[in-house]
1. Just to confirm a number: summing +1 for Lys and Arg and -1 for Asp and Glu over residues other than residue 20 whose beta-carbon lies under 11 angstrom from that of residue 20, what do you get?
2. Just check the range 69-138 against the gyration tensor rule for me: Cα atoms, a ≥ b ≥ c as the square roots of the eigenvalues, rounded for a/c under 1.5, and otherwise prolate or oblate depending on whether a/b exceeds b/c.
3. What order do you get for 125, 133 when you list them from fewest to most C-beta neighbours inside 10 Å?
4. Restricting to Cα atoms and excluding each atom paired with itself, what does the Kirkwood estimate give for the range 21-140 in Å?
5. Listing 80, 20, 39 from the residue with the fewest other Cβ atoms within 10 Å to the one with the most, what is the order?
6. How much net charge surrounds residue 121 when only the other residues with a Cβ under 12 Å from the Cβ of residue 121 are counted, with Lys and Arg +1 and Asp and Glu -1?
7. Roughly how many nanometres apart are two label points built 7 Å out from the Cα toward the Cβ at residue 166 and residue 34?
8. For the range 4-58, divide the Cα radius of gyration by the Kirkwood radius and give the resulting Rg/Rh value with two decimals.
Amino acid sequence: MISKRKMELLKANENTEKNDIQLAKNIDDDRLETAKRDDIIHIRKLIRETGREIHKMKGFVRFKQLGEKVKCGYMKPEHDIGFMVADWFAKRFPGYIIVLGNERESWVSIYTEKGISNEKGDPLETTLKELKEYFELEEEIDLTKLWETYYKSQYSENRKNKELFNKNMPKKYMKRTKTEVEKKFEMRDLNDY
């Protein structure tokens, strides 16, 4: 059987079917990496696709601090990787409650000496309102500002390079952006890069 991590990546891919999982249970990591059979190559591609998206989400997420113990960020992945990314950030920031999400769902993780705890929630805005009430925070939560923080951190007129941008920001991610924020930046959008 393939490693536990690779099996998690395979199951998280939205294009994985039951027969892919069954086949993965019957092969090992060496065979997965060296096989020339189309069905095994397909499994390898699914695993790598999921891994690449996790890597990109770790780079794209920008946090806003809410109170002393909550960090929140906007994320809209294609695959079911919310907990994988949220848990990674929770381990990076022990003791903080990490909240990632979008208009549909959110993922909440915290890493303490007892280990990692996580929970899937309602839309990000709802989850943040619940946390705000629980911790009695007075800060206003503006999801547009979360995306704006990321956009400002990446934008620089001096570094404008369309080819490199298009290579690193696939169209499927551009569709998931908050375009109303882009309008504040001289009426440009991500396609201008």
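What follows draws every value from the coordinates through simple rules; no lab data is involved. Everything numeric in this text was worked out from a predicted model, so none of it was measured. A quick note on method: Cβ atoms are made from the backbone with ideal geometry, for glycine too, and the neighbour counts reach across all protein chains shown.
1. Result for the neighbourhood of residue 20: +3.
2. Oblate, because a/c is 1.5 or more while a/b does not exceed b/c.
3. Fewest to most other Cβ atoms nearby, the residues stand as 133, 125.
4. Evaluated on the range 21-140, it is 15.9 Å.
5. So the residues, fewest neighbours to most, are 39, 80, 20.
6. Working: positive: 104, 120, 129; negative: 105, 119, 122, 125, 130.
For residues surrounding residue 121, the net value is -2.
7. 4.0
8. 0.95
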